[in-house]
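Report on the structure given below.
The values are calculated or read from the model by the stated rules, or taken from the named source; none is laboratory data. Here the structure is a predicted model, which means the values were calculated and not measured. Positions of Cβ are backbone-derived with ideal geometry, glycine not excepted, and every protein chain shown enters the neighbour counts.
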Amino acid sequence: MKARARAVVAIMTFTALGCGSSTPPPPKPPLGPPRVERGQIEIAALLGDAPKRAVAQGAGPHVIVASSVVGEGERVGAFVEATDDACLLAYARGSASIEDIDIYALSDDGSPIALDESPEPRPSILICPPRPRRFYVALEAATGAGLAVLVAHQVPRAKAKAVALAFGARGALGVSARAEAFPGLADALAERRRVLGGTWEESKRGSVAVDTTAPSYVAISAGAGDCLDVLVVPNDDVGLVDVELYDDEGRQVAKARGAAETRAVAFCTEETFAGSLRLRSHVGQGACGYVVSRTAASFAKEARARPDVAFHGVPLPLADAEKSRSEALTKAGYAAPTSTSRGALTSSKILSRYEELRAPCSRIDVVAGAPLRRSSVAVWSAQGTLLGEGDGLLGGVAYACGRGRARLDLEGRGGGGPFTLTVRPVPWTGPELVSAPLAGSRMLSRASRGPHELFEGTAVGLRALSLSATTLAGLTEDVAPGACLAAYLGIEGAGNGVTLRATDDKTGEEIDRAHGEVSAGVVVCAAAKPLRVKLEARTSIGTASGVIGLRKLP
């Protein structure tokens, strides 16, 4: 029985493993062809609001010149015809997979008219008469691949500048190159820094194509309280280049002057600035390298080329300017004016006024009213000795130490307009300022800053120094934990050029350093531990008397 039972179990197991299994499923039908929908990829998303922005600036309606999926190095374009009296704006947009797009405009014979080969995915060109009526416009995927579209607008010539600024359009023939490719750029930059003085930090470097038929633009921006210097060096294919700086409302702020091939503009602003640099070649077609450098607005007080430094600001009506200045000075601790008078300045004409200075040190304000944008004031003693001078956007401010009758020479810079003249005692005095009045005036001017020329922090001391080019004059000061100490130096006498240096008295490590023509200033801050700082000064040439003012900053 046991043997028979084992045989039955074996038969059943065999049947379960294979014999008598169910029928396999039927095979799946073969795959059919994919479903196709006729149509094109939507390109409106690539354009964004660019067409609307162009029309808002004065351009006509847009037209799609060409659109296609392009691989790296592939080009797509079409012939475009524009009226003889209009400019043509062309720009390209692509999918995120295209990192760099170039635009070309070619004449019928293949000669280049304009191009944008900048390393960016949103190029644009603006072509203005004289130019061919009909020309070929194309885009090329320089880096990456994907969908790209090329758009064109006609632009009235009167609106060309606004449209070019809005799109950063290039309008010049020539191939952009790296700024380092321009011979002599480093030497020109070193010479420019030497001429200007001060301490500069490079903030931007690049190149831009230029030609004689249309201007090219470079976007320029600055923060409140900044000074910018823009140095432009053309390549060998370009002759003289016009270089002009405009703000976002189309007002000219600065213009490069002189006949040198290397051009430069410097300007200071007390408010946020957004504008553009406009370049146009007088002779030839090629490219320019440019370097943008930045420093604090206090540079305007120590610049060695002050007449070449432009100032940016929007003038106020005289009543508003007066109120703003008076409120700021009262809040800063100034007493009421001992003298107030009014008048009007004419461009390039000096107006002299006489005042009796009654305080140990006086502050003289020339408050400018629109349309006067900038004014200056120089203070002279009865013996004809300079006591102080200053200029500025909202009106010049000068400090004069010493009592007695003084002559004030007032001048409007770049245009005339109404002004108010006030004289106030300075709430920071000492015998050091009176014994070297011009050095004291320059120190006070260097220590004041901002649109209303106010002192920061609290005065903690004054020191008199004798300076020379071969001897270091110095002093040591203690800085409490968490505090900052500002030191401002002004000089007078036969010496010229001044260097002020701050070092850690214990380690000798340099903390701050400043250079200027007649004044300089440094700031030293202590962290968790007290700091003993050494201040050293010297002239560049000759001997001079100096006054150092010390202020504790928060």
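Considering each of Ala219, Ala264, Ala254 in turn, give the residue that is under 12 Å from the mean Cα position of the chain (by Cα) and under 28 Å from Arg373 (Cα atoms). It is Ala219.
Determine, yes or no, whether Asp242 is part of a loop (DSSP other than H, G, I, E, B) and not small (Gly, Ala, Ser). Spell out how you get there, then give the answer.
Values: part of a loop (DSSP other than H, G, I, E, B): no; not small (Gly, Ala, Ser): yes.
Criteria not met by Asp242.
Somewhere in segment 5-17, is a residue at pLDDT below 80, part of a loop (DSSP other than H, G, I, E, B) and not assigned by TED's automatic domain parsing to the domain that holds Arg122? So that I can check it myself, show each step before the final result.
Of segment 5-17, the ones at pLDDT below 80 are 5-17.
From what is left, the residues that are part of a loop (DSSP other than H, G, I, E, B) are none.
No, there is no match, as no residue in segment 5-17 is at pLDDT below 80, part of a loop (DSSP other than H, G, I, E, B) and not assigned by TED's automatic domain parsing to the domain that holds Arg122.
Residue-by-condition table, conditions (1) at pLDDT below 95; (2) within 30 Å of the chain's Cα centre (by Cα); (3) surrounded by 21 or more Cβ atoms within 10 Å (Cβ to Cβ); (4) closer than 30 Å to Pro317 by Cα:
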site: Val426; (1), (2), (3), (4): no, no, yes, yes
site: Leu438; (1), (2), (3), (4): no, no, yes, no
site: Arg463; (1), (2), (3), (4): no, no, no, no
site: Thr471; (1), (2), (3), (4): yes, no, no, no
site: Ala480; (1), (2), (3), (4): yes, no, no, no
site: Ala487; (1), (2), (3), (4): no, yes, yes, no
site: Ala528; (1), (2), (3), (4): yes, no, no, no
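Selection of segment 523-534 for residues being within 9 Å of Leu485 (Cβ to Cβ) and either in a strand (DSSP E or B) or free of Cβ contacts under 8 Å to residues at least 40 places away in the same chain (or both) yields Val523, Val524, Cys525, Leu531, Val533. Residues in segment 203-212 that are out of contact with any Cys (no Cβ under 7 Å at 6 or more places or on another chain) and within 22 Å of Leu126 (Cα to Cα): Gly206, Ala209, Asp211, Thr212.
Every residue, every condition in (1) in the same structural domain as Leu150 (by TED's automatic domain parsing); (2) surrounded by fewer than 16 Cβ atoms within 10 Å (Cβ to Cβ); (3) without any contact (Cβ under 8 Å) to a residue 24 or more places away in the chain, yes or no:
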site: Thr23; (1), (2), (3): no, yes, yes
site: Pro26; (1), (2), (3): no, yes, yes
site: Pro29; (1), (2), (3): no, yes, yes
site: Pro34; (1), (2), (3): no, yes, yes
site: Asp49; (1), (2), (3): yes, yes, yes
site: His62; (1), (2), (3): yes, no, no
site: Val70; (1), (2), (3): yes, no, no
site: Val76; (1), (2), (3): yes, no, no
site: Glu81; (1), (2), (3): yes, yes, no
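Across segment 77-93, the number of residues qualifying as assigned to a strand (DSSP E or B), over 18 Å from Ser118 (Cβ atoms) and of a type in the set (A, V, I, L, M) comes to 4.
Quick check on Ser352: is it assigned to a strand (DSSP E or B) and surrounded by 13 or more Cβ atoms within 10 Å (Cβ to Cβ)? It is false that Ser352 is assigned to a strand (DSSP E or B) and surrounded by 13 or more Cβ atoms within 10 Å (Cβ to Cβ). Sort out which residues of segment 408-445 are of a type in the set (A, V, I, L, M) and farther than 11 Å from Gly490 by Cβ, and write them in order of number. If the condition is that a residue be of a type in the set (A, V, I, L, M) and farther than 11 Å from Gly490 by Cβ, then Leu408, Leu410, Leu421, Val423, Val426, Val434 are the ones that fit.
For segment 56-76, the set of residues classified as within 36 Å of the chain's Cα centre (by Cα) and outside any loop (DSSP other than H, G, I, E, B) consists of Ala56, His62, Val63, Ile64, Val65, Arg75, listed by residue number.
Within segment 141-160, is even one residue outside any strand (DSSP E or B) and under 23 Å from Cys288 (Cβ atoms)? Looking for residues that are outside any strand (DSSP E or B) and under 23 Å from Cys288 (Cβ atoms), one finds at least one in segment 141-160, hence yes. As for segment 545-554, it holds no residue that is over 30 Å from Thr272 (Cβ atoms), out of contact with any helix residue (DSSP H, G or I) (no Cβ under 7 Å at 6 or more places or on another chain) and loosely packed, with under 15 Cβ neighbours inside 10 Å.
The set of residues from segment 503-526 being over 18 Å from Arg449 (Cβ atoms) and at pLDDT 90 or above comprises Thr503, Asp504, Asp505, Lys506, Thr507, Gly508, Glu509, Glu510, Ile511, Ala526.
In this structure, is Asp365 over 16 Å from Ser519 (Cβ atoms), acidic (Asp, Glu), in contact with a strand residue (DSSP E or B) (Cβ under 6 Å, 6 or more places away or on another chain) and in the same structural domain as Gly416 (by TED's automatic domain parsing)?
Details: over 16 Å from Ser519 (Cβ atoms): yes; acidic (Asp, Glu): yes; in contact with a strand residue (DSSP E or B) (Cβ under 6 Å, 6 or more places away or on another chain): yes; in the same structural domain as Gly416 (by TED's automatic domain parsing): yes.
Here the answer is yes, as Asp365 does meet what is asked.
Every condition in (1) in a strand (DSSP E or B); (2) farther than 27 Å from Thr330 by Cα holds for Thr422 except the one numbered (2).
Counting the residues of segment 504-522 that are buried (at least 16 other Cβ atoms within 10 Å of the Cβ), touching a residue at least 40 places away in the same chain (Cβ under 8 Å) and in a strand (DSSP E or B) gives 6. Taking the numbered list (1) assigned to a strand (DSSP E or B); (2) surrounded by fewer than 18 Cβ atoms within 10 Å (Cβ to Cβ) in turn, Ala96 passes all entries but (1).
For segment 373-398, taking the residues that are of a type in the set (A, V, I, L, M) and part of a strand (DSSP E or B), the one that is nearest to Ser326 (Cα to Cα) is identified as Val397. Within segment 362-383, identify whether any single residue is crowded, with 18+ Cβ neighbours inside 10 Å, under 20 Å from Gly495 (Cβ atoms) and not aliphatic (A, V, I, L, M), and answer yes or no. No - not one qualifying residue is present in segment 362-383.
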